[in-house]
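The values are calculated or read from the model by the stated rules, or taken from the named source; none is laboratory data. What you see is a predicted model; the values in this text were computed from it and never measured. Neighbour counts run over all protein chains shown; Cβ positions are idealised from the backbone, glycine included.
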Amino acid sequence: MSCLPGFDLDRAEPSEMGMAGQNDTRDLAALIDQADQMVAFTGAGISTECGVPDFRSPDSAWKRHAPIPFPDFLASEAMRVEAWRRKFAMDDLYAGAQPGRGHAALARLAAAGKMTHLITQNIDGLHQASGIAPERIIELHGNGTYAHCLECRQRYELFAMRAIVEGDQRAPSCTACGGIVKSATISFGQSMPQVEMQRARRATLACDLFLVIGSSLVVHPAAAFPVMAKENGAVLVILNKDPTPLDSLADLVLRADIGDVLDLIMRKGVDDGGSRPQDAEKTPLSP
Ligand SMILES: [Zn+2]
């Protein structure tokens, strides 16, 4: 019995699958079906259809508003003001962005109990907006939708920070302890968040399917997690528009439009069968 009821890609139109072959998309559906504990690992590619610019694309707005490295941010108030100015310029470009088809598919897999955790390199907050419970989301590079004090971690909202930066022409500091306030992202040159790295490691080692979605897998140490999963016996799938350095390690590689593939898989499950049964027969993926 399939836990994607009515799933029948034989009837799918090739145009519905972008560049991924029908077999590859069917294989991914089967692997998701068979998995007990899936972990998704997402990068910028899942958010591009939502209008969030990809840092790595050649014409990216990130090139015009390049983030300030962390040591420079700490070094002077002038640099902090400039860092905030660039952040707000980027935020304005994708203000109002909504979760896309890939986010929606993952939210359904989380709700069905299939996906235990979602590890993301993205800072756009769209996974939370799609309805995935915060405790299932591991943000390796932080979150750009709010700010916090670097000393005491007091949270601050961006609209208030913007009023200080643009109104007073100064960088905000913490009203509780006087510390420097910064967007809650992990900047270049800033240490990785240890708690999140540990959570990601635990989730990776517990999963039997590790699905990379929209990451070029060139940023370290984030790119170590797919390798860790594979070496631990999980099935590794990479769904990305372009080749990645880990493609040769993967059990299945789909170079295709993320929204097209995930939407098709989920839609075929919805159209014909209603809810997903929780007691589907399982086939062990690895000894
Ligand atoms: Zn503080």
Restrict the check to the range 52-71 and report whether at least one residue is within 20 Å of Ala184 (Cβ to Cβ) and modelled with pLDDT of 95 or more.
-> yes
Of the residues in the range 11-51, those that are in contact with a Lys or Arg (Cβ under 8 Å, 6 or more places away or on another chain) and modelled with pLDDT under 65 come to Ala12, Met19, Ala20
Checking Ala89 against (1) farther than 17 Å from Val181 by Cα; (2) touching a residue at least 24 places away in the same chain (Cβ under 8 Å); (3) within 21 Å of the chain's Cα centre (by Cα), the condition it does not meet = (3)
Considering Gln169, Gln194, Gln190, Gln198, which residue is touching a residue at least 24 places away in the same chain (Cβ under 8 Å), more than 14 Å from the ligand (Cβ to nearest atom) and loosely packed, with under 12 Cβ neighbours inside 10 Å?
-> Gln169
Whichever residue in the range 127-153 is touching a residue at least 24 places away in the same chain (Cβ under 8 Å) and within 16 Å of the ligand (Cβ to nearest atom) and, among such residues, is surrounded by the fewest Cβ atoms within 10 Å (Cβ to Cβ) | Cys152
The correct count of residues that are of a type in the set (A, V, I, L, M, F, W, C), more than 23 Å from Pro193 (Cα to Cα) and either part of a strand (DSSP E or B) or in contact with an Asp or Glu (Cβ under 8 Å, 6 or more places away or on another chain) (or both) in the range 122-170 is 0
